[in-house]
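These notes concern the structure reproduced below.
The values are calculated or read from the model by the stated rules, or taken from the named source; none is laboratory data. Fair warning: this is a prediction, and the values are worked out from it, not measured in the lab. Note that each Cβ is placed from the backbone with ideal geometry, even for glycine, and that neighbours are counted across all protein chains shown.
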Amino acid sequence: MTPTSKTTDLVARGTVLAVFSSFCYTASIIALRDVVAVGVDWAAWISCLKAVPTVIIAAVVIAWQTRAGSIVWPSPRMIVVLLLTGTAMQLLGNVCFQLGLSLGGITMTVPLSQASLLISGAVLGLMMINERVSRRSIAAMMVLILAIAILSLDAGASTVSIAGREDPRAVMMTIGLGLAAGFGWGLAGVVIRQVATSGVSTAVTIGLLSSTAIVVLGGGVLARRGTEWIARETSTHEFWVTMLAGLFTAAAFFALTSAMRHITIVRANLLNASQISLTSLAGVLLFGEPFGRGMVVGTVLTVAGLLLMDRPQSSPEPGVGRRSKNP
């Protein structure tokens, strides 16, 4: 196999993994929507529970790789960076997103967070690791951001369907929470991309990032509320639905981290933007969230934006497909 065809195959593999990740994240979001409740502590606790399957799976893989002698650890500095990034990802990304779901539902929170993710991922990727964005990818981003704006036109109707009344503050809070969630995920994506292209084991990266949910979020809720509140508030149904969300998240997390070994941050985030249409449809069919013309137009534009993405390049990208020193 020639280097050119090998590179194309790696990009194609990364693309398939990113698409699979998007479907898994969609399933996770649907499960998380089923367990929404107002309150920061509840959002933090659900985000903690959701991380448990990911941490367990990562720990098993790390143990197996250690025994096989195939594990590659990050440098001490990068371990600290991953833990700090994981904390930001949990607080800004997961907690804000779960709170957003409780106020604006899927049809509003998902488009907003994906818009923020696309923009912050591209900007931070350029600033932190000098990952260039092609004109075609910029065009795709613009179309997707337009689609997201149109999908968000029914924001007021979404908050009414969740809260039962029109609340301008809830709309503004949902917008802020969605944007914060996207920024938290965008920051994590850049760090994951940097670590993934250095040869560090995927399980180690995911384990370090996800463990912060249990330590920071779980520990924080335990300190604030105690075990009695946790036991009283968490029904059997909510526990198992959150575990299901965690399993889908684990599959998505592993797939996306592996995909970033072969494709750029922008391409991965654009592919993940397919969640917008899928989750919006689920919000309407499963949870009775409002269906408007904006959703139809936005869905069509989402597909158009995805079709505008760069095709796999015939020449290898810098730092991709080869092992480098730990950052």
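Quick notes on this one:
- When Ile71, Ile79 are screened for being outside any helix (DSSP H, G or I), closer than 24 Å to His262 by Cα and among the aliphatic types (A, V, I, L, M), only Ile71 passes.
A quick yes/no check of all residues on (1) surrounded by fewer than 16 Cβ atoms within 10 Å (Cβ to Cβ); (2) at pLDDT below 95; (3) part of a helix (DSSP H, G or I):
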position: Thr7; (1), (2), (3): no, yes, yes
position: Ala27; (1), (2), (3): no, yes, yes
position: Cys48; (1), (2), (3): no, no, yes
position: Ile56; (1), (2), (3): yes, no, yes
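- Helices (runs of 4 or more DSSP H) wholly inside the stretch 130-218 that include at least 2 residues being of a type in the set (Ser, Thr, Tyr) and at pLDDT below 80: 155-163
- Complete set of residues in the stretch 257-296 that are in a helix (DSSP H, G or I), within 17 Å of Ala122 (Cβ to Cβ) and of a type in the set (S, T, N, Q): Asn269, Asn272
- Filter pass, Gly207 being closer than 30 Å to Leu10 by Cβ, surrounded by fewer than 19 Cβ atoms within 10 Å (Cβ to Cβ) and touching a residue at least 40 places away in the same chain (Cβ under 8 Å): no
- Selected residue [part of a helix (DSSP H, G or I), among the hydrophobic types (A, V, I, L, M, F, W, C), modelled with pLDDT of 80 or more and within 21 Å of Tyr25 (Cβ to Cβ)] from Leu101, Leu126: Leu101
- Count - residues of the stretch 184-209 that are in contact with a Gly (Cβ under 8 Å, 6 or more places away or on another chain) and under 15 Å from Gly93 (Cα atoms): 7
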